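Right, one structure below, let's go through it.
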Amino acid sequence: MSTTTLILAMLIILIIGYGFWSNRQLQIEHIPLLVTNLPKELEQVKISHISDLHFRRLKLNPDDLLEAISKESPDLIFVTGDTIDRTEDLSVTTIANFIDDLVIIAPTFVIEGNHEETCDDFDQWRQSILATRATLLENDVTTVTIKQTNIAVVGLRNEITDLPPEEKNKLKDYPISLILAHHPELYSDYLANFKETTAVAIFAGHAHGGQIRLPYIGGLLGPDNTWLPPYSSGIYFDQATKQLPLIVSRGLANSRFPLRINNKPHLITLTLKQK
């Protein structure tokens, strides 16, 4: 074996080894969200945001993940889709137990992603989540009370970018609204549909952080085989208005692509602050 071949082989082993290790290390990102005319009661409200758990492919220990979320002391927890992998055996999955454990920490809101929609039995997954104490949102609006203040939480179904008119009309009754939507690449559609409402942020996942993250560039590959996905991690603002930011979780697990490189599983805790 030549020296060049040996070095290349060692480099490949190191990359795979690093990927194996980093797939099991949680990164917590704290993001402040500045909101104009935020009710003072909502100052410092914390939202823990997770996505793309892909049960059975999750490499993190679920109990360790629950402990990490609990230590964040969130007021709300958002789960923005792909709770299971489409290959998950729904007769033995423990995702409902995990969701119920989240509710012990804080009120929890769940939406579907593309993997739930395309699994072998979507209705069985749906019924299992409805049986938990979490709130499954399906193109509708619900109310949550925090510090005696009502806010709206919106959940959009997979690849849907707007609410039915009768649901959307409810948003005017709340000081702020928060939107859960699985697909960050549809950001421009969400903006067009919600910029004239009380919405202050959109939460999404799906992009898996681009799987491989390159310094100064970001994510390399989107889940739909797109190169350099524009929204893959953290907070993004509409360039024209600087309003209605998109908050993107890199997710917690993988699907078909087996490794995350320079891309640890991602827990976001967002804190509301007065602008």
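The values are calculated or read from the model by the stated rules, or taken from the named source; none is laboratory data. From a predicted model like this one, the values you see are computed outputs, not experimental measurements. Cβ sites come from the backbone with ideal geometry, for glycine too, and all protein chains shown count toward neighbours. Surface accessibility is based on the protein's heavy atoms, side chains included, excluding ligands, DNA and RNA. Shrake-Rupley method; radii C 1.70, N 1.55, O 1.52, S 1.80 Å.
Here are a few things to note about the model shown:
- Any hit, the stretch 7-23, residues being within 22 Å of I95 (Cβ to Cβ) and either touching a residue at least 60 places away in the same chain (Cβ under 8 Å) or of a type outside the set (D, E, K, R) (or both): yes
- Selection of the stretch 127-138 for residues being open to solvent by 10 Å² or more (accessible area, probe 1.4 Å) and in contact with a strand residue (DSSP E or B) (Cβ under 7 Å, 6 or more places away or on another chain) yields L130, A134, T135, L136, E138.
- Filter pass, K71 being open to solvent by 50 Å² or more (accessible area, probe 1.4 Å), more than 23 Å from T161 (Cα to Cα), modelled with pLDDT of 95 or more and touching a strand residue (DSSP E or B) at 6+ places or on another chain (Cβ under 6 Å): no
- Here is the figure for the stretch 12-58: residues that are of a type outside the set (D, E, K, R) and at pLDDT 90 or above total 25.
- Filtering L38, L90, L58 for residues that are in a loop (DSSP other than H, G, I, E, B) and in contact with a helix residue (DSSP H, G or I) (Cβ under 7 Å, 6 or more places away or on another chain) leaves a single hit, L90.
- Flag if F122 is among the hydrophobic types (A, V, I, L, M, F, W, C) and touching a residue at least 60 places away in the same chain (Cβ under 8 Å): no
- So L42, is it within 30 Å of T145 (Cα to Cα), touching a Lys or Arg at 6+ places or on another chain (Cβ under 9 Å) and surrounded by fewer than 17 Cβ atoms within 10 Å (Cβ to Cβ): no
- Odd one out for H49, checked against (1) open to solvent by 10 Å² or more (accessible area, probe 1.4 Å); (2) in contact with a strand residue (DSSP E or B) (Cβ under 9 Å, 6 or more places away or on another chain): (1)
- Failed criterion for Y190 (all others in (1) crowded, with 19+ Cβ neighbours inside 10 Å; (2) without any contact (Cβ under 8 Å) to a residue 40 or more places away in the chain; (3) hydroxyl-bearing (S, T, Y) hold): (2)
- Output for the stretch 157-186, where each listed residue is of a type in the set (A, V, I, L, M, F, W, C), in contact with a strand residue (DSSP E or B) (Cβ under 9 Å, 6 or more places away or on another chain) and open to solvent by 30 Å² or more (accessible area, probe 1.4 Å): L186
Table: residues versus (1) at pLDDT below 95; (2) more than 30 Å from L42 (Cα to Cα).
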residue	(1), (2)
E88	yes, yes
A96	no, no
D101	no, no
V110	no, no
R126	no, yes
L130	no, no
T145	no, no
V154	no, no
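- Odd one out for I217, checked against (1) out of contact with any Lys or Arg (no Cβ under 8 Å at 6 or more places or on another chain); (2) open to solvent by 30 Å² or more (accessible area, probe 1.4 Å); (3) touching a residue at least 12 places away in the same chain (Cβ under 8 Å); (4) β-branched (V, I, T): (3)
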